[in-house]
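To start, the structure under review is shown below, and the notes come after it.
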Amino acid sequence: MVIGASGQIGSELVVELRKIYGTGNVWATDIKTPRAGVADEGPFQVLDVMDDKQLIHFVIRNKITQIYHLAAVLSGNAEKLPIQAWNINMDSLMNILEVARMVEDVKKVFWPSSIAVFGPTTPRVNTPQLTTMEPITVYGISKLAGERWCDYYYNKYGVDVRSVRYPGLISYKTEAGGGTTDYAVEIYYEAVRNGRYTSFLQEGTALPMLFMPDAIKGTIDLMEAERSKLTIHSSYNLGGFSTTPEQITAEIRKHIPDFAISYNPDFRQQIAESWPQSVDDTVTRMDWGYETKYDLEKMTGIMLEEIRKKTNH
Ligand code: AKB
């Protein structure tokens, strides 16, 4: 069962899970029906993860064995409505953890954390798995609290909950919404559509990023890993590559030489400056063999080609 199946990660994860487990064995759920894609290609249910009764009935009725809970309010949007974002991010996770604790059929849960759990007092380069964590955003606070709850449910109740701290995720199928790293998706769309982009992050702002196929493979590999190999029950650092707006610009210019960038930083600049520039994922690689295939150069070629096809440019 995938919750948040219409979102940036969910829409791609459902497709891959259906290849592995069979279309009929993967339920896509979301609060609203998507325009196309996951809803037409296999079982889909409109479901509000905040409604604990609807959730538990659905899980029992459909004999759900694994839950991927991807619904969340991201960092930028959460700053606009802090209390609502906190309630959505926390209550939805607690509903899932409780279902996993109570329903015997549910064997595993995946819940994403984020680099947002770190803050200005964290070492920003090669951020260790275990370090100072003082997040300054509502989203980051909710993810850090969520990590502690995951660890608690594992230790106290034996709930097999697995998690990674996603960096910025870059994809062409479904656009992200409301995040601080979203510029790194928007820049490609605008390069193809208009040949120019105004970045809401300042030149020189380095953040860790990951191309979606690597993120999806990592997520599924973690869920498939032998439980005895997993030493982290809060959330694993997940590396990719570190990049800045001007480095992406330079890569895009190899394909679109006239591409123009300008900078108009907004409130998300402060958020980005509180996050790591790169993360150390040695433990992740050692525990369950995480590895990536794509760097900025490879990813840029694919992003531009796919967006051109998608937008007929
Ligand atoms: C965001 O920017 O809020 C997310 C994240 C890094 O968790 N993409």
A careful count of residues in the stretch 46-61 that are farther than 24 Å from Gln84 by Cβ and not in a helix (DSSP H, G or I) gives 0
Please find, within the stretch 159-186, the residue that is surrounded by the fewest Cβ atoms within 10 Å (Cβ to Cβ) out of those that are more than 25 Å from Ser228 (Cβ to Cβ) and among the aliphatic types (A, V, I, L, M).
-> Ala176
If you check every pair at least six apart or on different chains, which have Cβ atoms under 7 Å apart with a residue in the stretch 264-285 that is under 13 Å from Asn126 (Cβ atoms) first and a residue that is within 13 Å of the ligand (Cβ to nearest atom) and aromatic (Phe, Trp, Tyr) second?
-> Pro276/Phe118
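Listed here are the residues, each with its yes/no results for (1) away from the ligand (no atom under 16 Å from the Cβ); (2) touching a Cys at 6+ places or on another chain (Cβ under 9 Å); (3) closer than 15 Å to Leu93 by Cβ.
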site	(1), (2), (3)
Val138	no, no, yes
Ile141	no, no, yes
Trp149	yes, no, yes
Tyr157	yes, no, yes
Val161	yes, yes, yes
Residue satisfying all of: in the stretch 80-118; part of a loop (DSSP other than H, G, I, E, B) and surrounded by fewer than 19 Cβ atoms within 10 Å (Cβ to Cβ); nearest to the ligand (Cβ to nearest atom) among these | Leu81
Inside the stretch 203-313, counting only helices (runs of 4 or more DSSP H) that do not spill past its ends, which hold 2 or more residues that are more than 25 Å from Trp149 (Cα to Cα)?
-> 212-224, 245-253, 268-273, 296-311
Scanning the stretch 145-172 residue by residue, the ones that are in a helix (DSSP H, G or I), out of contact with any strand residue (DSSP E or B) (no Cβ under 8 Å at 6 or more places or on another chain) and not basic (Lys, Arg) total 6
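Any read-out appearing in this document is the output of simple, stated calculations on the displayed coordinates, not a laboratory observation. Everything numeric here is computed off the predicted structure, so don't read it as measured data. Cβ sites come from the backbone with ideal geometry, for glycine too, and all protein chains shown count toward neighbours.
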